[in-house]
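Just passing along the structure, written as structure tokens.
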Amino acid sequence: MARDVYVANISFEATEEDLRNLFSVSGTVKSVRLLNDPRTGLFRGTAFVQMANAAQAKDAIVTLDGALLINRVISVTEALPKKPREATTDREQNNSRRKDTGNNRRKPGRKSPRK
């Protein structure tokens with residue numbers, strides 16, 4: 001059964017192929033997924049690498065945690081299971097972002113400061 005490892009502190013110059021080559025010393029690499037910021041689309045410096053089995057994943061963690069990849073020391077740990085998300089509608093999501101706490105309201109009778 002394939003197992004994922006989480007890789008952090010990756011150089012922004014690194015590619016999927018760089019990670020695939022590095023992790024292949026510990027066994028068969030099934031897939032590499034670089035994580036991008038959902039808003040900007042830019043690489044976040046983290047990735048998931050899927051190894052062929054648990055033994056290879058454990059070997060990758062022991063062997064490659066603290067390894068140097070393109071002038072950065074990477075951190076390799078076991079990937080945690082994905083947390084289930086609560087089902088929300090788009091309208092509920094938008095409303096939760098716009099909630100007015102009352103702190104930003106202007107007090108009656110007061111003018112806004114001039115610059």
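Each value in this text was obtained by applying a stated rule to the coordinates, not by laboratory testing. Predicted model only: the values in this text are computed from it and were never measured. Neighbour counts run over all protein chains shown; Cβ positions are idealised from the backbone, glycine included.
Find all pairs meeting these conditions: Cβ atoms under 9 angstrom apart; at least six residues apart or on different chains; first residue within region 24-41 and on the phi > 0 side of the Ramachandran plot; second residue not in a strand (DSSP E or B).
Filtered contacts from region 24-41: G27/A52; G27/N53; G27/A55; G27/Q56; G27/A57; G27/D59; G27/A60.
Counting only residues that are closer than 15 Å to A54 by Cα and part of a helix (DSSP H, G or I), which one in region 5-24 is nearest to the chain's Cα centre (by Cα)?
F23
Right, D4: in contact with a strand residue (DSSP E or B) (Cβ under 9 Å, 6 or more places away or on another chain), under 15 Å from T77 (Cα atoms) and charged (D, E, K, R) or not? First the steps, then the outcome.
Details: in contact with a strand residue (DSSP E or B) (Cβ under 9 Å, 6 or more places away or on another chain): yes; under 15 Å from T77 (Cα atoms): yes; charged (D, E, K, R): yes.
In short, yes.
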